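> Sharing a structure below in structure tokens format, with a few things to ask.
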Amino acid sequence: MRDNQNFQLQRKQLFLRPKRTAMLLHNIQEALNNQVKLEAASSQAYLAMASWCEIQPGLDGVSEFFFQQSNEERIHMLKLIRFINERGGFALIPALEQPIVTFKSLKSLFEEFLNHEITVSNSINDMVDLALKERDYATHNFLQWYVSEQIEEEKTARILNDKLELIGEDKSGLYLFDRDIMTRRSGKTS
Ligand code: OFO
């Protein structure tokens, strides 16, 4: 992408006296900026899930879960933006496509949640590979936080999908699922 090829140039044009910072390689910077977009898209996707749940009867707990999940993804995006700029790059704020806004069932919503988290994990893993290949140990070190985060998030998404599978159409099971879902988030701050 032309924008990506011109990051350093853009940064020089923006500042009369550029900050004395390390310079990110173009391909690393491009990958980090793609991840900014993915985290922003995650935040929007989970906001859409929260909103859909909020208008369904009896899904207040699930709705709150996704509102918080959406905030968390925004924090993940911000961490990346700050890191890119701190390392001498230029974090580009992306345009986003509208996420899926309606779901045929709670089960399909949670399947979407798990698929999304798997996509994010794959993207983080590709970046870790790239950072190692380019011997960019600062970026590699930075990404370790995301690796751990994805292990947790994928685990949560899998557990919630398994629970829903078990519950099936049982109304009292769904009631308890909604009541207890926030316990999956207890202690989480980011
Ligand atoms: Fe950004 O934590 Fe999952 O997606």
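Values in this text are rule-based calculations from the coordinates and carry no lab data. Because the structure is predicted, anything quoted here is derived from the model rather than measured. No Cβ is skipped: glycine too gets one built from the backbone with ideal geometry, and neighbour counts run over all protein chains shown.
> Pick from LEU47, LEU176, LEU59 the residue whose mean-square fluctuation is largest in a GNM of the chain, springs joining Cα atoms under 10 Å.
Of LEU47, LEU176, LEU59, the most mobile in the Gaussian network model is LEU176.
> I want the local charge near LEU109. Using Cβ-Cβ distances under 14 Å, sum +1 for each Lys or Arg and -1 for each Asp or Glu among the other residues.
The answer is -3.
> So if I take the centroid of the Cα atoms in region 132-163 and the same for region 67-82, what is the distance between those two points in Å?
Taking the Cα centre of each part, region 132-163 and region 67-82 sit 14 Å apart.
> Could I ask something else about it? Taking a ≥ b ≥ c as the square roots of the Cα gyration tensor eigenvalues, with a/c under 1.5 meaning rounded and otherwise prolate when a/b beats b/c, else oblate, which class fits region 111-190?
Prolate.
> Still on this structure, I have one more. Given the rule -39500 (n - 2.57) for each run of at least 4 DSSP H residues, summed and divided by the residues of the chain, what is its mean residue ellipticity at 222 nm, to the nearest 500 deg cm²/dmol?
Counting only the DSSP helices, I get -24500 deg cm²/dmol.
> Now a separate question. Grab every C-alpha pair in region 57-190, bin the distances at 5 angstrom width from 0 up to the longest one, and report whole percents.
With 5 Å bins starting at 0, P(r) equals 2, 8, 16, 21, 18, 13, 10, 6, 4, 2, 1.
> I would also like to ask the following. Going down the list LYS79/LYS155; LYS37/LYS104; LYS133/LYS155; LYS107/LYS171; LYS107/LYS163; LYS155/LYS188, which pairs span over 18 Å between their C-alpha atoms?
Listed pairs above 18 Å: LYS79/LYS155; LYS37/LYS104; LYS133/LYS155.
> Helix check for the chain. Which DSSP H runs span at least 20 Å along their own axis by Cα, with a mean Kyte-Doolittle hydropathy no less than -0.5?
Numbers: long enough: 26-54 (42 Å, -0.27); 60-86 (39 Å, -0.41); 106-133 (41 Å, 0.13); 137-167 (45 Å, -0.55).
Helices passing the filter in the chain: 26-54, 60-86, 106-133.
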